[in-house]
1. I'd like the distance separating the alpha-carbon centroids of region 164-229 and region 20-48, in whole Å.
2. Just going by the charge dipole of region 16-82, with Lys and Arg at +1 and Asp and Glu at -1 on Cβ, which of L68, A56, V26 is farthest out on the positive end?
3. Under unit Cβ charges (Lys, Arg +1; Asp, Glu -1), what dipole magnitude, rounded to 20 debye, does region 168-252 have relative to its Cα centre?
4. Roughly how many debye, to the nearest 20, is the charge dipole of region 2-264 about its Cα centre, given +1 on each Lys and Arg Cβ, -1 on each Asp and Glu Cβ, and no other charges?
5. Could you go through region 226-236 in sequence order and give the Karplus-derived ³J(HN,Hα) for each residue, using 6.51 cos²θ - 1.76 cosθ + 1.60 with θ = phi - 60°, rounded to whole Hz, and x for Gly and Pro?
6. Multiplying the sequence separation of K13 and K115 by 0.36 nm and subtracting their Cα-Cα distance, what value in nm do you get?
7. For L238, L129, what's the fewest-to-most ordering of other Cβ within 10 Å of each Cβ?
8. Over all pairs of distinct alpha carbons, what does the Kirkwood formula give as the hydrodynamic radius of region 2-264, in Å?
Amino acid sequence: MINSFRNNLRLLKEKNPLILNITNVVATNITANALLAIGASPVMAYEKDEIKDMTAISNALVINIGTLTREFMETSFTAIETANRLSIPVIFDPVGVGATAYRNEAAKEILNNFKINAIRGNASEIANLSGYSAKTKGVDSAEDNILQIKELSCLLSQKHNCIVCASGKEDIITDSKTTYGVKNGNIMLTKITGSGCISTSVMGAFMAVGNNFLTACTAAATMVGISGEIASKNAKGLGHFQIEFFDNLSLFNENSFESAKVNLL
């Protein structure tokens, strides 16, 4: 497993994949910087009239519904349709699903009408997509309401034939047949805006260069978690933590995976 992670990271840095992010306005800048830090190239685009062309030149597509609008959905539909036609991997971040009926319907439209290769969300978001009514407060995870997140993740994965990544104290990544738990990370990651959005885009970058999306998403979760762990050891506070976190993403190399805490569940 660790050797596969190393190979994925090596390919990412060699190929410098272009990752198209149709993402939320809160996390646009930090997501772009995170992708640059790991060796990928970010592009953020929202205009429907150019999105077919922009998708066509990209190596992966990230859809994040954090700041949802009708125009955002129209652009996303066109982008996903183009990505599906060209076999470009798509990863979906259902931010805030469970909070409003409109947001729930938007997520259903995406999942029921297009091929999504991976879904990454917090525990409550994954639970809600699985049909379990979990409390969603803003974009925070309601893990205390979820007793069987692994089982729910597997059900969602099987239903949509995709990788499902549920983040939490232990990240769960599954293709419904094989499930990994990643215990790397630090609570400070939950205290800064956009850490989940970063994880989704980093997964997209790994998926752009790796044919095994389960391994790619697990490698990405591990990379983000380890970078957060190291950053927390030197951080004086949340502001300093963000700087340390980006520094560690940029300094992350193949040997950094030695501290991976990945288990087969």
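1. Their Cα centres are 17 Å away from one another.
2. V26
3. 160
4. Dipole of region 2-264, to the nearest 20 debye: 400 debye.
5. 5, 4, x, 4, 5, 4, 5, 6, 10, 6, 8
6. That pair, K13 and K115, stretches by 34.0 nm at full extension.
7. Ranked by crowding around the Cβ, least crowded first: L238, L129.
8. Answer for region 2-264: a Kirkwood hydrodynamic radius of 17.9 Å.
Read-outs throughout are calculated quantities, based only on the coordinates presented, and are distinct from any laboratory measurement. Given the structure is predicted, the values throughout are model-derived calculations rather than measurements. Note that each Cβ is placed from the backbone with ideal geometry, even for glycine, and that neighbours are counted across all protein chains shown.
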